[in-house]
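For reference, the structure is listed below as structure tokens.
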Amino acid sequence: MKMSVLASGSTGNSTYIESETGSLLIDVGLSCKRIEASLNKLNTSLSNISAILITHEHTDHIKGLKVIAKRYAIPIFANAETWQQLDKKGIDIHPEQKFHFNPSEEKEIIGIDIHSYNVSHDAADPQFYTFAKDNSKLSVITDTGYVSDYMKGIIKDSDCFIFESNHDVDMLRMGRYPWPTKQRILSDVGHVSNEDAAHAMRDVITERTKRIYLSHLSLDNNIKELAKMSVEQVLNRYDIDTEDQIMLCDTDKEAPTQIYTI
Ligand SMILES: [Zn+2]
Ligand SMILES: [Zn+2]
């Protein structure tokens, strides 16, 4: 398996995954034009994409969906409640492109075993995915207010994680957001802070874990360096080596990460 986080953050999310038999995207929270530009940087294009997996209906995950689905006959996967929300938003997808991928389901797409699981977030039925192939495992977890034992059980023991590290709690508290927005982010159905992410990581990292991509950073309430430092501090406290054993990697709101082979 190969992967690149095309874009990550409150302004738009999309991740590219490739196997020998095809490639897919998780979410398309950027315009069609921007997704195409990102894929071009990886020497590929939307016409090579075999499937799009949608996690939930928030704009930062589906912004490009309508245009992309219209221009390219790519099968789109989402769960029943997410489809309902997408319909309500007027994102009319051709019935032949609509596929169901319900929570706790397992499907094989492009030769990868994909497992969906629910997260705790203020969308209709938000779900994320794990990807397993040839003894390699990648887990994606963002847009969750906390990481439950159930979620930990599913994502545990991955070679690579794309892990939400949304905000620094102090920056959020002191920042310019109105109180209800702050409350929403800090709640059980909001987003995971740098510190909480690190504590959850500690429970799911094993000796096979090589990389963790810190993802979905808040534009206003986080800084890449701070996210990395906060996570590092917690992991180091638990004797998890972030120098040689596990690499903490940045993601960017615009620039795709270099292709990484898992
Ligand atoms: Zn969301
Ligand atoms: Zn999001």
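The values are calculated or read from the model by the stated rules, or taken from the named source; none is laboratory data. Bear in mind the structure is a predicted one, so any value in this text is a computation, not a measurement. Positions of Cβ are generated from backbone atoms using ideal geometry, with glycine treated the same way; all protein chains shown enter the neighbour counts. Quick note on the areas: whole protein, heavy atoms, side chains included, nothing else; ligands and nucleic acids left out. Shrake-Rupley method; radii C 1.70, N 1.55, O 1.52, S 1.80 Å.
How many of the residues making up the range 220-260 are under 16 Å from the mean Cα position of the chain (by Cα) and farther than 29 Å from D134 by Cβ? The qualifying residues number 2. The strands (runs of 3 or more DSSP E) found entirely in the range 1-94 that carry 1 or more residues being touching a residue at least 60 places away in the same chain (Cβ under 8 Å) and within 16 Å of the chain's Cα centre (by Cα) are 2-7, 14-19, 22-26, 49-53.
Restricting to the range 74-85, name every residue that is β-branched (V, I, T) and either open to solvent by 50 Å² or more (accessible area, probe 1.4 Å) or more than 12 Å from H56 (Cβ to Cβ) (or both).
Within the range 74-85, I74, I76 meet the criteria.
S10 falls short on exactly one of the conditions (1) out of contact with any helix residue (DSSP H, G or I) (no Cβ under 9 Å at 6 or more places or on another chain); (2) open to solvent by 50 Å² or more (accessible area, probe 1.4 Å); (3) within 16 Å of ligand 1 (Cβ to nearest atom); (4) not basic (K, R), and that condition is (1).
Contact map, the range 165-188: residues that are at pLDDT below 95 and open to solvent by 90 Å² or more (accessible area, probe 1.4 Å) paired with residues that are of a type outside the set (A, V, I, L, M, F, W, C) and not in a loop (DSSP other than H, G, I, E, B), Cβ distance under 9 Å, separation 6+ or inter-chain. Pairs shown: R173/K182. For the range 111-146, filtering for residues that are more than 26 Å from Q84 (Cα to Cα) and in a loop (DSSP other than H, G, I, E, B) leaves 3. Applying the condition of being touching a Gly at 6+ places or on another chain (Cβ under 7 Å) and crowded, with 21+ Cβ neighbours inside 10 Å to the range 197-242 and asking which residue is nearest to L172 (Cα to Cα) yields N221. Looking across K66, K88, K70, one residue alone is away from ligand 1 (no atom under 14 Å from the Cβ) and crowded, with 16+ Cβ neighbours inside 10 Å. It is K66. Across the range 95-110, the qualifying residues are those that are in a loop (DSSP other than H, G, I, E, B) and surrounded by fewer than 18 Cβ atoms within 10 Å (Cβ to Cβ), and the one among them that is nearest to ligand 2 (Cβ to nearest atom) is P103. Just to check your reading of the model, which residue among E96, E106 is of a type in the set (D, E), more than 16 Å from ligand 1 (Cβ to nearest atom) and closer than 22 Å to I155 by Cα? Among E96, E106, only E106 is of a type in the set (D, E), more than 16 Å from ligand 1 (Cβ to nearest atom) and closer than 22 Å to I155 by Cα.
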